[in-house]
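To start, the structure under review is shown below, and the notes come after it.
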Amino acid sequence: MKYEKKWLSFDDQLKLLIERGMAVESSSKAIDFLARVGYYRLSGYWHAFKERSGLLVSLEHGGKPKKIKEETIVLDVFKSGATFKNSIDLYIFDKKLRLLILDALERVEISLRVDIAHGLGKKDPFAYLDKDYFHLDFSGKLDKSSGVSNYHTWLSKHAQLISRSKEDFVSHNRSKYGLPLSIWVACEVWDFGTLSKLFSGMKSEEQDLIASKYGVANGRIFASWLHSFNYLRNVCAHHSRLWNRNIVVQPKLPPSNEVTWVSYFENDNHAKARCFLLLCMLERVLKGINPSSSWSTRMVALLNSFPNLNHLGLNLEGMGLPKGCVLGVNSLLK
């Protein structure tokens with residue numbers, strides 16, 4: 001295929017936006033923002049500002065119409081009232097959202113390291129190297145595509161992290177005690193994904209014991225939360241758009257009689273696929289780490305600062321919040 005899109009100067013990029021109906025209050029400020037952030041990154045935010053058109057598509061089978069399907073087509077023209085400042089405001093809100101989430105995820109990651117290292121280390125300083133400490137699906141079941149178990153894949157990842165680490169504590173332990181490293185040392189080089197994967201392989205009674213500290217009775221459900229948190233961390237760490245993102249790694253939910261806010265998400269597929277659900281999960285886990293944490297207060301303040309984009313049909317529902325919920329969001333974060 002021949003690539004049709006041409007390179008455009010920042011002036012030409014702004015001209016294109018104006019031609020498509022975007023209002024620009026200050027051309028110099030807009031060009032400066034395009035030069036610092038980039039057209040393509042910002043396009044993820046103003047994509048929601050574009051007009052849509054419904055299209056009926058006939059799906060044929062054997063020359064006969066099978067069924068009619070409606071598709072939404074995104075047009076290259078902006079809704080009336082869309083401004084460049086709207087996209088900047090939404091971008092800045094999303095940036096603050098990601099930074100606040102990373103603050104929470106850091107606490108979860110550090111706390112989880114202690115729980116895993118302390119629990120397995122009590123059994124054996126090198127328990128992570130013994131498959132008998134893990135359930136059979138993790139340690140013995142072979143993946144059809146790779147031919148090895150998830151545990152072997154995890155060990156390979158662990159070895160990579162140790163071998164490329166430049167941390168002084170790793171060098172010190174290697175020179176004084178040799179390899180392998182004890183679990184309470186090794187865990188400090190594991191990333192969130194490595195931690196969550198090892199937790200998913202732990203035996204159910206040990207999973208339940210750790211999960212209960214964070215307000216979740218079932219360790220398998222908590223393992224799915226950690227998997228979703230790892231996805232969330234990757235989105236935030238790579239500075240990707242989050243506020244209305246479709247969360248592809250969706251967690252399992254505990255019963256609503258255990259966690260009351262679950263009832264809101266149970267029958268709402270849109271809400272289950274948006275980041276507000278993960279914010280509720282983070283709040284519950286943080287309360288297990290520090291009951292006096294002010295994170296939910298700061299998150300509520302941020303949500304209440306969502307830019308006024310009503311003229312574009314955009315609000316916090318795009319994040320999965322209940323319709324019209326702004327000031328009352330604190331009750332859902334408990």
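Here are some notes:
- Estimated dipole of the chain in Debye, rounded to 20 [Cβ of Lys and Arg +1, of Asp and Glu -1, Cα centre]: 400
- Candidates Leu314, Ala186, Val285 compared by Cα position along the dipole of the chain: farthest toward the positive end lies Leu314, with charges placed on Cβ.
- Remark: the Leu209-Leu302 segment gains 30.1 nm on full extension, using 0.36 nm per residue and subtracting the alpha carbon distance.
- Fully extending the segment from His239 to Asp130, taken as 0.36 nm per residue of separation minus the present Cα-Cα distance, adds 35.5 nm.
- Karplus-derived HN-Hα couplings along the range 35-49 (A = 6.51, B = -1.76, C = 1.60, θ = phi - 60°), whole Hz, x at Gly and Pro: 6, 8, 9, x, 4, 5, 5, 5, 4, x, 8, 7, 4, 6, 8
- Projected label distance in nm at Leu142 and Lys6, using a 7 Å step from Cα toward the beta-carbon: 5.7
- Take every Cα pair under 8 Å whose residues are at least 6 apart in sequence, average their separation, divide by the length of the chain, and the relative contact order is 16 percent.
- Computed over the chain with a Gaussian network model linking Cα atoms closer than 10 Å, the most mobile of Leu142, Leu242, Leu105 is Leu142.
- CD proxy at 222 nm, helix term only [per DSSP H run n ≥ 4: -39500 (n - 2.57); per residue of the chain; nearest 500]: -16000 deg cm²/dmol
- Intensity falloff of the chain expressed as log10 I(q)/I(0), Debye formula with alpha-carbon point scatterers, at q = 0.07, 0.08, 0.13, 0.15 Å⁻¹: -0.41, -0.52, -1.08, -1.22
- Cβ-Cβ FRET estimate between Lys123 and Glu258, R0 fixed at 30 Å, reported to 0.05: 0.55
- Dimensionless Rg ratio for the range 153-251, taking C-alpha atoms and the 2.2 N^0.38 Å reference: 1.26
- With both residues required to sit in the chain, DSSP beta bridges show an antiparallel share near 95%.
- Between the Cα long axis of helix 219-237 and the first principal axis of the chain there is an angle of about 50°, rounded to the nearest 10.
Bear in mind that the values in this text are calculations on the coordinates, not laboratory data. Note that this is a predicted model, so its numbers are computed, not measured. Neighbour counts run over all protein chains shown; Cβ positions are idealised from the backbone, glycine included.
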